Amino acid sequence: MKSIPPNLAAHFASGATTLSWCWKITRADGTVFGFTDHDRTLSFEGQSYEPESGLIPAELRAGSDLAVDAQDAEGVLTSDRITETDIFDGLWDDAAVEVWRVNWEDTSQRLLLRRGSLGQVRRGRTMFVAEVRSMAHVLNQTMGRTYQSGCDAALGDGRCKVNLNDPAYKGTGAVVDIQGARQVIVSGLSGFDAGMFAAGTIEWTSGANAGRTAEVLRHDVGSGFVALTLQYEPVRSIAEDDAFVVRAGCDKTRETCRAKFANIDNFRGFPDIPGQSTIYRYARRSGANTGETL
């Protein structure tokens, strides 16, 4: 239960309040932003909270159990402080949030209602809705290993141990032609078999997307061309001659680990554990009862 400061409690009891919402958002890159739904800048604790930021508060939900409480904040993508490209690039993902209720006539009368982080950000053509999750959402995070058929290691990490800087799994090239919003014809990858870079990553080294990394959906090889299809349409346009570094991908299966990477000793999946089809199995007179999926 929160303790309301006496001066703010007296303001609540006055019958005529002058209250506003303030949000302090600290992104993972260390950049701090202050926003308010008031019509002028408010300042306290060394932070300025800017008006006309495009943020509109929704209901504040809270419960007595361990469920994740949330509040939505709506905004417009035309703000020079919150841009569509920054949201798409993930700069606002899991940013730390403080939600304050403040008397705008006297900012010393304020109450910190919630600490949490930004959750799902839903984007439309001109607006976004950011979910402010309470700190209880950390309790929902999966910890430790997952027992599943596919490998639960990230390709190239300390558990997988595949060297993604090995020339066998890394290529460089440039865009030759653009086919639609997500597919590009590229040079420099003629020495690789089709599918090598499917589910991999592409890091742009020049052009409007320089320094950014995207996921590769498909890697196709045709008669005299190599095509890469991205998982998502980029916010910033891709242009001819944009250079990139692309690294191999993995579908997390035992067969791929063995044949593509010769890394079966480090495979982290459990493809032989019984699945949900176990309840449908039955004994047979002929054939081996090996336990595989029927």
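The values are calculated or read from the model by the stated rules, or taken from the named source; none is laboratory data. These numbers were taken from a predicted model, which means no experiment stands behind them. Backbone-built Cβ (ideal geometry, glycine too); neighbour counts: all protein chains shown. Remember, those area values only see protein heavy atoms, side chains included, never the ligands or the DNA or RNA. Shrake-Rupley method; radii C 1.70, N 1.55, O 1.52, S 1.80 Å.
Which whole-Hz couplings ³J(HN,Hα) result when phi for each residue of region 229-240 is put into the Karplus expression 6.51 cos²θ - 1.76 cosθ + 1.60, θ = phi - 60°, listed in order with x for Gly and Pro?
With coefficients 6.51, -1.76 and 1.60, one gets 10, 7, 5, 10, 5, x, 6, 8, 5, 8, 10, 4 Hz.
Would you list, by chain and number, the lysines whose Cα falls below 26 Å from the Cα of LYS260, excluding same-chain residues fewer than 8 positions away?
LYS161, LYS170, LYS252
Work out how much length ILE273 to ARG254 would gain on full extension: take 0.36 nm times their residue separation and subtract the Cα-Cα distance, in nm to one decimal.
Value of the extension gain: 5.5 nm.
Nearest 0.05, what FRET efficiency do ALA168 and THR83 give at R0 = 41 Å with Cβ-Cβ as r? Could the numbers behind the result be given before it?
Details: r = 39 Å, r/R0 = 0.94.
For R0 = 41 Å, the calculated efficiency reads 0.60.
Quickly work out the ALA194-to-SER48 label distance, labels modelled 7 Å from Cα along the C-beta direction, and quote it in nm with one decimal.
Between SER48 and ALA194, the label points sit 5.8 nm apart.
What FRET efficiency would be calculated for the residue pair VAL221, MET143, taking the C-beta separation as r and a Förster radius of 45 Å, to the nearest 0.05?
Numbers: r = 41 Å, r/R0 = 0.90.
Efficiency, from the Cβ-Cβ distance: 0.65.
Going 7 Å from the Cα of VAL235 along its beta-carbon direction, which residues of region 91-107 have the amide nitrogen within less than 12 Å of the resulting point?
Label zone hits: 91-93.
Check which residues have an amide H placed less than 5 Å from ASP242's amide H, if you skip close sequence neighbours.
VAL175
Want the number for GLU105 to ALA262: 0.36 nm per residue separation, take away the alpha-carbon distance, what's left? Numbers along the way, then the final one.
Numbers: separation 157, 0.36 × 157 = 56.52 nm, distance 6.76 nm.
Gain in length upon complete extension: 49.8 nm.
Which order do GLU45, GLU240, GLU50, GLU98 take when ranked by solvent-accessible area (1.4 Å probe, heavy atoms of all protein chains), largest first? The partial results should precede the final answer.
On the way: GLU45 125, GLU240 105, GLU50 65, GLU98 40 Å².
The ranking, largest first, comes out as GLU45, GLU240, GLU50, GLU98.
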